[in-house]
Amino acid sequence: MIIYCTGTKWGSQAHQKLLKNIIEFIESLGHTALAAVSSKFSSTIPLSDQQTYKRNLKWIDGSKLVIAEISNPDLETGIEIAYALYHRKVAVLALHVSSAPKISSMLTGCDSPLLTIQKYGDTNEMQSIIKTFLSKIS
């Protein structure tokens, strides 16, 4: 299954590591994880902002679902979630660590049945949530 993975790209190294853990786990299950932070999809030449925008939307369009790490507020991630929900109508799993500050009310207030928000305390719990979510989609 092709899964688009997103999360903060400019935040702290700790938040980027959370997203990379998700990507690595999805790949370990035999799925393809499309993500800008994945070394598998890095460009040899820098992409312009417009190229990045078009690439990310194309990746979302080609994915069965989106998994977003939302522990660190990030406008780009919010736009990608909104695009997935309202343009592609694909399921979105938004994950955040239990210690994260308040999650945006634009997410928690969203009543789309395609959006699932889950918190996790550690890597094992995150993996369990993803496995359960994937089993419902497959």
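Structure notes:
- With K and R counted +1 and D and E -1, the other residues having a Cβ less than 15 Å from that of Leu75 yield a net charge of -4.
- Estimated 222 nm signal from helices in the chain, with DSSP H stretches of n ≥ 4 weighted -39500 (n - 2.57), rounded to 500: -12500 deg cm²/dmol
- Sorted by Cβ density within 10 Å, fewest first, the residues Thr8, Thr108: Thr108, Thr8
- Principal axis dimensions, largest first and in whole angstrom, of region 64-138 by Cα: 32, 30, 19
- Nearest-20 debye value, the chain charge dipole, Cβ charges on Lys, Arg, Asp, Glu: 240
- Subtracting the Cα-Cα distance of Lys17 and Ile45 from 0.36 nm times their residue separation leaves 7.7 nm of extension gain.
- Candidate lysines - alpha carbon under 18 Å from Lys102, same-chain residues fewer than 8 apart omitted: Lys119
- Proximal aspartates and glutamates relative to Lys89, as straight alpha-carbon distance under 20 Å, when same-chain residues fewer than 8 apart are discounted: Asp61, Glu69, Glu76, Glu80, Asp111
- Shown here: Cα Rg over 2.2 N^0.38 Å, derived from the displayed model; of the candidates [x] 0.97; [y] 1.20; [z] 1.62, it corresponds to [x].
- Computed packing ranks the peptides 60-69, 95-104 as 60-69, 95-104, most packed first, by mean other Cβ atoms within 10 Å.
Only the coordinates and a few stated rules stand behind these numbers; no lab work does. What you see is a predicted model; the values in this text were computed from it and never measured. For neighbour counting, all protein chains shown are included, and Cβ atoms are generated from backbone atoms with ideal geometry for every residue, glycine included.
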